[in-house]
Number of protein chains: 2
Amino acid sequence: MSEIQITLPDGSVRNYNKGITAHEIALSISEGLARNIIAAKVNGTVIETNRPIETDAHLQLLKWDDKEGKSTFWHSSAHLLAEALEALYPGVKFGIGPAIENGFYYDIDLGDHKFSSEDFAKLEAKMLELAKQEQVFKRQAISKAEAIQYFKEKNDPYKLELLEDLEDGNITFYQQGNFVDLCRGPHLPHTGHIKAVKLLNLAGAYWRGDEKNKQLTRIYGITFPKKSELDAHLTMLEEAKKRDHRLLGKELEIFAFDDDIGPGLPLWLPKGAAIIELLENFAKSTEKAAGYERVKSPHIAKESLYLKSGHLPYYKDSMFPPMELDGIQYYLKAMNCPHHHKIFAATPKSYKDLPVRYAEYGTCYRYEKTGELFGLMRVRSLQMNDAHIYCTKAQFEAEFKAVNALYLKYFKVFGIDKYVMRFSKHDPKKLGQKYINAPELWKETEDMVRNVLVNANIPFVEVEDEAAFYGPKIDIQIWSAIGREFTLATNQVDFAQAERFDLYFINEKSEKERPLIIHRAPLSTHERFIGFLLEHYAGKFPLWLNPQQVSLLPISDKYQEYSEKVLNILKKHDIRALIDDRSEKTGKKIRDAEMKKVPLMLILGEKEQTDNSVTVRKQGGEDLGSMSIEAFVQLVEAEIKQQLN
Amino acid sequence: MSEIQITLPDGSVRNYNKGITAHEIALSISEGLARNIIAAKVNGTVIETNRPIETDAHLQLLKWDDKEGKSTFWHSSAHLLAEALEALYPGVKFGIGPAIENGFYYDIDLGDHKFSSEDFAKLEAKMLELAKQEQVFKRQAISKAEAIQYFKEKNDPYKLELLEDLEDGNITFYQQGNFVDLCRGPHLPHTGHIKAVKLLNLAGAYWRGDEKNKQLTRIYGITFPKKSELDAHLTMLEEAKKRDHRLLGKELEIFAFDDDIGPGLPLWLPKGAAIIELLENFAKSTEKAAGYERVKSPHIAKESLYLKSGHLPYYKDSMFPPMELDGIQYYLKAMNCPHHHKIFAATPKSYKDLPVRYAEYGTCYRYEKTGELFGLMRVRSLQMNDAHIYCTKAQFEAEFKAVNALYLKYFKVFGIDKYVMRFSKHDPKKLGQKYINAPELWKETEDMVRNVLVNANIPFVEVEDEAAFYGPKIDIQIWSAIGREFTLATNQVDFAQAERFDLYFINEKSEKERPLIIHRAPLSTHERFIGFLLEHYAGKFPLWLNPQQVSLLPISDKYQEYSEKVLNILKKHDIRALIDDRSEKTGKKIRDAEMKKVPLMLILGEKEQTDNSVTVRKQGGEDLGSMSIEAFVQLVEAEIKQQLN
């Protein structure tokens, strides 16, 4: 029996007999590990833990914590849902049932059966019952003819339609218990891994997304390997509902949408515009200190610009349609890069000028389908915290390091404790096809990127074959205070655009040389970031970032004049304050200030007027007692300076 | 002989015999006045001073200083040019010859004659010779048939084509000397008023602006009633050439155009973007103190928004063409108003919330023909210092006054000493047609506008029948340091949009009430204003507005470290400084800093390093001697604070 070499992620190599399974390899390491592995990644492809490995391979044992582990888990859960459905609703027909970002769904045709979310409990119970049976997911290669025969007999038109597009010799079935599905896999070792089930909601979904087709019933669900994880997830969802940025945005008068403006195009009300301005000022001063220069570019450009950059025709579907003017097509910009490249090219550059760092809060426009728009998270207008750094190869590592330091600085300021950088690399086999053919540059920059991440002790995962065409990139994932994941913009290295735009600097040898380019946007877009912050802070923007920092609450009309005096002092110190001069009781004024999430309230009455003082109440109820106006100003200024969360 | 009543601009009324001429009326006042009048405005129409006045009339005697006086002067000068051309180039044929903003032109067909700008002197001499003859401009009503007969005999196809469009009974000829022209007038009393002549340049111009027609020769010229005025004008033109904002913009690296971006769409290089940011910060803090709130709106909107505002279809030619998305037409915004109205409407308003003042540096896009684009002065992307004020009728006067005060404040800061506000009113006869039918609102607001202007002692002229459809407006004309005139944005009152957008607030009686709206943009667009400032300052932006305030000039490499120490101190005080660390002689470094218009230069050598001091040289050469770094910082900070010009 011949041996194969298995390389593990830590670089260690072990020899095994050919045909060994991932499960057996895990067992050879520890029993606990074997219990926890869900699937295996063999030379970049995810397979079941019971599939034999026949050649030398890089092997990663996937657990629940791995993205691809979760995805396998939820894909198997969709099959479990289908099995339960078939048991309870005989004759139900099945469309597709994939894993999604958080859970899975299955599109089904229930025929004459009645079904509503009230039936979820029964279905969940059935799923758990079947899960407990520890049914193994059995894989079977099958000929196209036999597959068609099977679904003809079962009378499932959807699977038959899916089969039409599949190539004979490439078709597999998966069976657990009595349920058989047309499926490429991979799947869990057995259903027993699924310990907690929650069906979330029902929706209508056109077969194959085409509104000319029949509307199927889509059942969304989520499953976990532990009951406690499901509970935590449901608590998080509950909390996320309360912190829904769309509701908070409306309640706090941050932004609005309007039918005459258009979907995905938010209008920023004064408070929203104030937050934007505060974020921009913070970014501008931070970036100024980091040596960035600011530039400004128009929101449109000729077609030729995007042909040059390569965005046209490839990216066309994500751009707004062109406007034809004097026989020339103009496009709304979907990204700022080509404009910045033109600014770089507008004046001659020598190596002494490098690195050049151009920053702009440039608004870009991208086409998203109406159905995919979602509050501030998926929009059509994007105000981006954009910058491009043009540097020499020698400067690259220091520049990339500085960019990462900027990310970390920002995360700290906004109280983002959990983040992961996803380092996407090229695949050497695809050089010249999917990736620009510059093997040395790839190796060099990927090594530099990895070094920066390792040395800065930044949590990161390496992913093969997910780089951009023009260089390695980093996707930044962050988690909000309630544990929801958000993807911020990427941080990318670019070898290609300098060539396309004929960008160069004169090097020390008086020759033309191409700069390397770094694309970066640590604060993402205002839209996505403010949407994130609304959830993260539950609308309670910290003092430094709150459009209204102080509410002055005179306890009666008599103290209006004194309130104005206090207001003027605060204004002189650039403290954002308003007087609540309504003829309401103080209790009501406090409740309203709480509703508006104002961080500080000043109660102003006889005593305060006599003493030239203010009585300070913090949001949430903490009483800071009485203090002089000056002491209050100092308190506020100190907290603003520290940018406390 | 019956009498008529003549009302003069000061309101005085005089009785004269019917048929009296403006010249005779002027003579009845003073001989000097009679000598200086060029034309007369009788009930709103400009006529010759020798035309009989047959009815009671409002009369304004027009002099050279009046806009319409100049226009008449230059129109007559075009005829004089034609007379001279006909004398020197027999058989020349004439297109049209109007007065323009600065002078006049005539489009001519020279047939086989050769002509170049080298012939200007000869032609100018001939014009002056004819002018001295004090030829009277004789007006003659003529039938269409006779007019056609005349130009047929003269063999002038252009005049014959013009005649085709004219109505019989409405045609007049004007003759001076031997030259007869088809013309509506009005004209000077005689050619003797023209004392100074300068032909400026030659251009090709298609007949009737249609490139399918023959190209004629256009001769541009200007004339004056005094030689000294021509000399001053030529000096100003010379200076304006040196201060050409397009050249300075390139030299100082303020902005650039790029073929792939598109005509009229400037890219702002770091120094330009810095000036923009400084202007915006200044405007934002000034406007914040004046009670404005900032908002942010997208650069596009659905067609329905502009149909609602009334910009479509009327303004369509000035807008970019639509983009069609999901079957809906989207337009780039050509103005911010409709977006702001939507923001006003997004949250309920009570009378206690008013006045609401929404400000935004919103970038608008307007279509200008390629041939009409000119540097930053005529562009297609406009970053506007825009704001809309929503107020009650009772608040209007105070608000309008505050807006005017803001204009004056800005003018003072930028050293704009000469300005005129052109107050455009409605015509009561055109209510319900050209003007919204609200006679009381017109009277009320026009009176209030006039009061504000009179009380604030602001120079202004009143113009009938030039208001906007929806309310009176003020156009602001300013003059640059070398005396060139620029028109800034307008300041408008608006009764109509609140109705169209169903904007209201709840008044004290708990009823819905429409607000009045003021549109204002004192700093115009960044494009036009920075273009103006480049000429106004000859590129020498004052310290507070200069993207680079200080140049540090180490006299050798030895003082690089000390220079960096000084630089860091300046940076800590937010002073914008750069080190010139090239291995060049100090003299060369000073010359380059002068070229870059840097206001302050610090010479740093042995003495300075030992003393911890700097030697300060001002732009232009003034030597401020040595001082401590701290003293220099204080000097700079004091000058910035004062915003000296």
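The values are calculated or read from the model by the stated rules, or taken from the named source; none is laboratory data. This structure is a prediction, so every number in the text was calculated from the model and none was measured. Glycine also receives a Cβ, built like all others from the backbone with ideal geometry; neighbour counts cover every protein chain displayed. Note: areas computed on protein heavy atoms with side chains; ligands, DNA, RNA excluded. Shrake-Rupley method; radii C 1.70, N 1.55, O 1.52, S 1.80 Å.
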Test: residue in segment A:608-628 that is open to solvent by 60 Å² or more (accessible area, probe 1.4 Å), at pLDDT 95 or above and under 30 Å from B:Tyr351 (Cβ atoms): yes
Residue in segment B:364-376 that is closer than 20 Å to A:Gly362 by Cα, open to solvent by 10 Å² or more (accessible area, probe 1.4 Å) and more than 11 Å from chain A (Cβ to nearest Cβ) present: yes
Unique residue being in contact with a strand residue (DSSP E or B) (Cβ under 6 Å, 6 or more places away or on another chain), on the phi < 0 side of the Ramachandran plot and either away from chain B (no Cβ under 14 Å) or not hydroxyl-bearing (Ser, Thr, Tyr) (or both) when the list is A:Leu441, A:Leu431, A:Leu453, A:Leu408: A:Leu453
Any hit, segment A:120-133, residues being open to solvent by 40 Å² or more (accessible area, probe 1.4 Å), part of a loop (DSSP other than H, G, I, E, B) and within 17 Å of A:Trp74 (Cα to Cα): no
Selection count, segment B:255-283, where residues are without any contact (Cβ under 8 Å) to a residue 60 or more places away in the chain and surrounded by fewer than 24 Cβ atoms within 10 Å (Cβ to Cβ): 8
Complete set of residues in segment A:573-607 that are open to solvent by 70 Å² or more (accessible area, probe 1.4 Å) and over 28 Å from B:Tyr351 (Cβ atoms): A:His573, A:Asp574, A:Glu606, A:Lys607
B:Gly262, sole failed condition from (1) at negative phi; (2) within 9 Å of chain A (Cβ to nearest Cβ): (1)
Residue count for segment B:317-329, restricted to those that are facing another protein chain (nearest Cβ under 9 Å) and open to solvent by less than 40 Å² (accessible area, probe 1.4 Å): 5
Odd one out for A:Leu162, checked against (1) under 24 Å from A:His190 (Cβ atoms); (2) assigned to a helix (DSSP H, G or I): (1)
Any chance A:Tyr314 is free of Cβ contacts under 8 Å to residues at least 24 places away in the same chain and either at the interface with chain B (Cβ under 8 Å from one of its Cβ atoms) or part of a loop (DSSP other than H, G, I, E, B) (or both): yes
Cβ-Cβ under 6 Å pairs, at least 6 apart or on other chains, segment B:166-190 side under 17 Å from B:Ala82 (Cα atoms), far side of a type in the set (Asp, Glu) and open to solvent by 20 Å² or more (accessible area, probe 1.4 Å): B:Phe179/B:Glu86; B:His190/B:Glu134
Segment B:330-363 - residue that is among the hydroxyl-bearing types (Ser, Thr, Tyr), within 27 Å of A:Gln383 (Cα to Cα) and assigned to a strand (DSSP E or B) and, of those, farthest from the other protein chains (Cβ to nearest Cβ): B:Tyr361
Qualifying residues in segment B:137-165 (those that are in contact (Cβ under 8 Å) with a residue 60 or more places away in the chain and under 38 Å from the mean Cα position of the chain (by Cα)) - the one most open to solvent (accessible area, probe 1.4 Å): B:Arg139
Whichever residue in segment B:300-311 is open to solvent by 20 Å² or more (accessible area, probe 1.4 Å) and touching a residue at least 12 places away in the same chain (Cβ under 8 Å) and, among such residues, is farthest from the other protein chains (Cβ to nearest Cβ): B:His311
When residues of segment A:343-358 are limited to those that are of a type in the set (D, E, K, R) and farther than 22 Å from A:Thr490 by Cα, the one surrounded by the most Cβ atoms within 10 Å (Cβ to Cβ): A:Lys349
Only listed residue being of a type in the set (Gly, Ala, Ser), more than 34 Å from the chain's Cα centre (by Cα) and assigned by TED's automatic domain parsing to the domain that holds A:Gly221, chosen from A:Ala87, A:Ala125, A:Ala82: A:Ala87
Number of the exception - A:Val295 against (1) under 25 Å from A:Arg528 (Cα atoms); (2) more than 9 Å from chain B (Cβ to nearest Cβ); (3) not acidic (Asp, Glu): (2)
Unmet criterion (only one of (1) at pLDDT 95 or above; (2) open to solvent by 10 Å² or more (accessible area, probe 1.4 Å)) for A:Tyr206: (1)
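The rows are residues; the columns are (1) within 14 Å of another protein chain (Cβ to nearest Cβ); (2) touching a strand residue (DSSP E or B) at 6+ places or on another chain (Cβ under 8 Å).
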| site | (1), (2) |
| --- | --- |
| A:Ile222 | no, yes |
| A:Lys226 | no, yes |
| A:Lys241 | no, no |
| A:Lys250 | yes, yes |
| A:Leu267 | yes, yes |
| A:Ala274 | yes, yes |
| A:Asn281 | yes, no |
Evaluation of A:Lys393 against (1) under 30 Å from B:Ala273 (Cα atoms); (2) free of Cβ contacts under 8 Å to residues at least 40 places away in the same chain; (3) of a type outside the set (A, V, I, L, M) (one fails), failing number: (2)
Some residue of segment B:520-541 being hydroxyl-bearing (Ser, Thr, Tyr), buried (at least 16 other Cβ atoms within 10 Å of the Cβ), within 30 Å of B:Pro338 (Cβ to Cβ) and under 29 Å from the mean Cα position of the chain (by Cα): yes
Selection status of B:Ala468, over 19 Å from the mean Cα position of the chain (by Cα) and either in the same structural domain as B:Lys41 (by TED's automatic domain parsing) or surrounded by 14 or more Cβ atoms within 10 Å (Cβ to Cβ) (or both): no
